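Heads up: the structure comes next, in structure tokens.
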Ligand SMILES: NC(=O)c1ccc[n+]([C@@H]2O[C@H](COP(=O)([O-])OP(=O)(O)OC[C@H]3O[C@@H](n4cnc5c(N)ncnc54)[C@H](OP(=O)(O)O)[C@@H]3O)[C@@H](O)[C@H]2O)c1
């Protein structure tokens, strides 16, 4: 169980524990610590694990994933569930997906859109709290998805039959612009929050000033550009295919989230 403290990982851990499944929450902050960049920490995390939820950081070199996957399979992991991304295709995560598909283990690939929880737990959180979300995304729409749904699909794939060799593109039930999303948050939270479009250059400068690398900042600006072009606006049916139900909506998420 990688990324165990992250936005999808901790929800997956909680669900598995509720079901009484033996789970090892691997994270840099855990004991023992798991660090992608320190292969000597991998074996202890993998010991006795029959299935692995694979979450890797943005911009990770592919050979790190290759090394880890080989190690996992050689140590007995017969099932890999990989958190990929819907955006970007071949230029982004498809080569990494092939590492998983060619591993020899049973596999399931999750391709989510941008998460609802980026607004409350992730990269948009500080701006939302400050009352103004500044992004270079124009009025493009994104079919944001709830990480609760991603976790439900991950747990199904880890523990139930019928998900092998499936690629699930996961979106929410409708596409929203950032202007619409911030309006929903303002309405349900009673806090003044609005969206303001910035230029990609200004966005990159802000991220770098906040301590991000140039490479990461430029990747984020590229992803925002895709949103502005409505590349992420189409709906996908992975939640329905995997779980036989509709995905959760943004308003539901906004209502159950504490915004203070
Ligand atoms: N955010 C989105 O909207 C979104 C949408 C689609 C796909 N994705 C994909 O999802 C993946 C994860 O992104 P996320 O946003 O969901 O992040 P996240 O899981 O919420 O956070 C990243 C996790 O990675 C762990 N981590 C970072 N560096 C590590 C290292 N060297 N060794 C071990 N663990 C490390 C962190 O754990 P510790 O700090 O506790 O070690 C943290 O739990 C990325 O590949 C991204 O492309 C994200």
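Mind listing whichever residues of the stretch 169-185 are crowded, with 18+ Cβ neighbours inside 10 Å and outside any loop (DSSP other than H, G, I, E, B)?
169, 170, 176, 177, 178, 181, 182, 184, 185
The rows are residues; the columns are (1) closer than 30 Å to residue 259 by Cβ; (2) crowded, with 19+ Cβ neighbours inside 10 Å; (3) more than 13 Å from the ligand (Cβ to nearest atom).
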site: 58; (1), (2), (3): yes, no, no
site: 63; (1), (2), (3): no, no, yes
site: 108; (1), (2), (3): no, yes, yes
site: 111; (1), (2), (3): yes, yes, no
site: 118; (1), (2), (3): yes, no, no
site: 130; (1), (2), (3): yes, no, yes
site: 139; (1), (2), (3): yes, no, yes
site: 144; (1), (2), (3): yes, yes, no
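Got a number for residues in the stretch 1-21 being more than 20 Å from the chain's Cα centre (by Cα) and either within 6 Å of the ligand (Cβ to nearest atom) or in contact (Cβ under 8 Å) with a residue 24 or more places away in the chain (or both)?
Number of matching residues: 2.
Can you pull out the residues in the stretch 22-42 that are more than 6 Å from the ligand (Cβ to nearest atom) and at pLDDT 95 or above?
Residues satisfying the conditions are 38, 39, 40, 41, 42.
The values are calculated or read from the model by the stated rules, or taken from the named source; none is laboratory data. Just so you know, these numbers come straight off a predicted model, no measurement behind them. Ideal geometry is used to build each Cβ from the backbone, glycine not excepted, and the neighbour counts take in all protein chains shown.
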